[in-house]
Every structure is written in C-alpha cells, then in structure tokens.
1. Just one of (1) under 29 Å from residue 47 (Cα atoms); (2) out of contact with any helix residue (DSSP H, G or I) (no Cβ under 9 Å at 6 or more places or on another chain); (3) touching a residue at least 40 places away in the same chain (Cβ under 8 Å) trips up residue 178, so point out which.
2. State which residue pairs qualify: first residue surrounded by fewer than 24 Cβ atoms within 10 Å (Cβ to Cβ) and at pLDDT 95 or above and inside the range 86-101, second residue β-branched (Val, Ile, Thr) and part of a strand (DSSP E or B) in any location, beta carbons under 7 Å apart, and separation of 6 or more residues or different chains.
3. Does the range 281-294 include one or more residues that are touching a residue at least 40 places away in the same chain (Cβ under 8 Å), part of a loop (DSSP other than H, G, I, E, B) and under 23 Å from residue 208 (Cβ atoms)?
4. Suppose the filter is away from the ligand (no atom under 11 Å from the Cβ), in a loop (DSSP other than H, G, I, E, B), touching a residue at least 40 places away in the same chain (Cβ under 8 Å) and outside the structural domain of residue 149 (by TED's automatic domain parsing); does residue 65 pass it?
5. Just need a number here: residues in the range 173-198 that are in a strand (DSSP E or B) and under 19 Å from residue 125 (Cα atoms).
6. Within the set of pairs 6+ apart or on separate chains, which have a first residue in the range 133-148 that is assigned by TED's automatic domain parsing to the domain that holds residue 180, a second that is of a type in the set (Lys, Arg) and part of a strand (DSSP E or B), and C-beta atoms under 8 Å apart?
7. Only one of these conditions is not met by residue 224: (1) out of contact with any strand residue (DSSP E or B) (no Cβ under 8 Å at 6 or more places or on another chain); (2) of a type in the set (D, E, K, R); (3) under 19 Å from residue 55 (Cα atoms). Which number is it?
8. Mind checking which pairs have a first residue in the range 159-172 that is on the phi < 0 side of the Ramachandran plot and part of a helix (DSSP H, G or I) and a second that is surrounded by fewer than 19 Cβ atoms within 10 Å (Cβ to Cβ) and among the small types (Gly, Ala, Ser), Cβ under 6 Å, 6 or more apart or different chains?
Amino acid sequence: MTDIRTEEILKNYTTMRCGGPAAGFAEPSSEEEIIELLAYADSNNMKTLILGAGSNMLVSDRGFDGLVIRIGKKFGDLEFSEEDEDGYITVTAKAGCSLAWFGNMCARKGLEGAEFCCGIPGNVGGGVFMNAGAYGREIKDIAVSVDYIEDGAVRTADASECGFGYRTSLFEKKAKEKDIVITSFKARLHKGDKEQIDAYVAELRGKRTASQPLDVPSAGSTFKRPEGYYAGALIEKSGLKGFALDDSGAQVSPKHAGFVVNNGGRANGSDVMRLIRHIQDKVYADSGVRLETEVRLVGDFD
Ligand SMILES: Cc1cc2nc3c(=O)[nH]c(=O)nc-3n(C[C@H](O)[C@H](O)[C@H](O)COP(=O)(O)OP(=O)(O)OC[C@H]3O[C@@H](n4cnc5c(N)ncnc54)[C@H](O)[C@@H]3O)c2cc1C
C-alpha cells in the first residue's frame, strides 16, 4: 500500500500557510491506491481529508486527526485525443494535474475555452469539486464528464449529472456524507486562433496581477459572493480594507478586501480565524449580510 507518513505538517501543503500535523498523510499515484487508502481509513475508524493543492483551505493549528489523502503531482497526467470531425479535442486531466498546467497546455495546443484556468492555483480535482471559475467561465462550461471514487469503485458522471453550481458540485454535496475522491475529468475543447488565445491568457494574467495579492499567502476569496452583493465591497464599506486585529500577520488585503492574507506566512490558523470572525460580525452589524466562508475550514478552531 502507499506509504503513510505521520505528523506531516499541513501548513506546508496549503497556500494560506497555516495548519498543524496530520495523523496520517499519503500521496497515492493510482485509483487502486486511493481505494486501498480509503478502505484502510475505514477499517481503522479514521476520518479522511482529500487534499488537492490546498488553495481553498484554512487548516487549524491542531491539524487533522485522520488520514490526509493528497491528490497531487503523482496523479496528474494530462492526455489529448485526436481532433474529431467537428474540430473538437477531448482533454483528459487526472485530478492531481494543476489547473494552471491544464489551462496552459490547452492554450499551447491552440484550444479555446480553458484560458480562465491558467491563473487559478488549485488542482483539477479541487477545481471540479468547487466548480472553480474566473472571468465569467467555470469548470461546468468545459466539463464533459468526471470520474470519481465512491463506495470503493470508480464511477463516471456526465457533466449534466455533476450538479455544478456557484462553487459547488455533486461531489461537494456527496462529500458531506461519505468519502468521495474525484480522479479525473474530461473537457471537450475546440481549436481556435492560437494568437488570440495567448493574448487572452496574458490579458487575464494581467487583470489578476493588478487586482489580487498574489505575492502574499492566502486562500483566494475568503468569502462566497452573497446574493446581490460582492463580499469585497461589503468589507471595504465596513472600513476593513487593509485591517489587521494584531501583528500576527493575518490581514484583510490592502489590495483586495475579499482576500484575507497571511503576511510572511507567520500567522497561524487561529489568528486567521479570529480575523474572519471579526469581518463576519462587523459586516453583519453594518450591512445586515452574514458572509459565509468560501474557504473550507479543516480541523477544530474552537
Ligand atoms: C491567489 C488565489 C486565487 C484564487 N483564484 C480563484 C479563482 O479565480 N476562482 C476560483 O474558483 N477559485 C480561486 N481560488 C481558490 C482555489 O484555487 C480553488 O477553489 C481551487 O479549485 C481549489 O483547488 P485545490 O486543489 O487547491 O483544492 P483544495 O483547497 O485542496 O481543496 C478544496 C476542497 O476540494 C476537496 N478536494 C480537493 N481535491 C479533491 C479530489 N480530488 N476529490 C475530492 N475532493 C477534493 C477538498 O477536500 C476540499 O474540500 C484562488 C485561490 C488563491 C490562493
């Protein structure tokens, strides 16, 4: 079976740079290994956490008292089919492939539609789970089907069955009840004008660099977009842009109020969590809107 390491520090596997130890930590490289690990956790009464690039997570300082199954580079192949008679190519990406690599390789091959993926720092599995999206496009717009493991077997869901919605999917819903591991997804993309595609990738990169604090650790947008509002605008309206409760390093980004950042990676999970709760309370008091975290909270914060 895949090697299970103990006491691996999760801070090293999240873009927010927070998080204590995992009781067990494994990086499988095949579907069979994932199924074995899930069975091992089940028979040892261990909780599981499926980890991608850790770019949408805040992990507590106490870490995770169970088995972390990291779906990363070891499970990250990317394949392109031949062009079909309608000019489409099917791209199959394993869940551990980074969204940036997927988007960039599609662009390099002159395929249109995956440009939005280039700047999202997650992996394909996390992207499908969250229905990641940017600049008007989401995973749901390009997905044809998704393979995933449920109840010890690999299953396939067509895109129409994937329940994609705003930062949610069938898998995100099912994972509340049982272990679900996304193993790959297929996208069907059309050949386009390579120069235009490259220019669009560069344009999106420029927009992102101009508006987001990409040089400081964060987990992206901290809060979901509340119906009819923008979280960043509400936070700014409450006077919290650039705000910090203390000198822990946790701060509302001065560049984009929707991002909580961890300056120097020195804040721990509870510092970040205290700031998140403060923002939620202040925005609620000022605007009557209760901000919900988009960032997934892992472990115990109380
Ligand atoms: C600077 C920055 C910018 C960002 N910009 C965007 C953006 O523009 N748009 C956007 O949508 N997001 C954005 N994000 C957030 C994040 O990158 C996305 O949500 C991404 O899809 C998360 O992927 P991940 O692999 O990092 O998932 P993780 O953070 O590792 O996990 C997220 C959730 O998915 C589950 N999961 C992960 N992999 C699997 C799998 N293989 N099978 C089953 N469950 C799995 C985890 O258990 C967890 O619940 C940004 C983040 C940062 C730091």
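1. (3)
2. What qualifies is 90/144.
3. Yes.
4. On the way: away from the ligand (no atom under 11 Å from the Cβ): yes; in a loop (DSSP other than H, G, I, E, B): no; touching a residue at least 40 places away in the same chain (Cβ under 8 Å): yes; outside the structural domain of residue 149 (by TED's automatic domain parsing): yes.
For residue 65, the condition - away from the ligand (no atom under 11 Å from the Cβ), in a loop (DSSP other than H, G, I, E, B), touching a residue at least 40 places away in the same chain (Cβ under 8 Å) and outside the structural domain of residue 149 (by TED's automatic domain parsing) - is not met.
5. Within the range 173-198, the subset in a strand (DSSP E or B) is 180-191.
If we keep only those that are under 19 Å from residue 125 (Cα atoms) too, we end up with 180-189.
Residues flagged as in a strand (DSSP E or B) and under 19 Å from residue 125 (Cα atoms) within the range 173-198 amount to 10.
6. 142/188; 143/186; 144/186; 144/188; 145/186; 146/186; 147/155; 148/155
7. Status for residue 224: all satisfied but (1).
8. Correct list of pairs: 170/163.
The values are calculated or read from the model by the stated rules, or taken from the named source; none is laboratory data. Just so we're clear, the structure is a prediction, and the values are computed from it rather than from any experiment. Ideal geometry is used to build each Cβ from the backbone, glycine not excepted, and the neighbour counts take in all protein chains shown.
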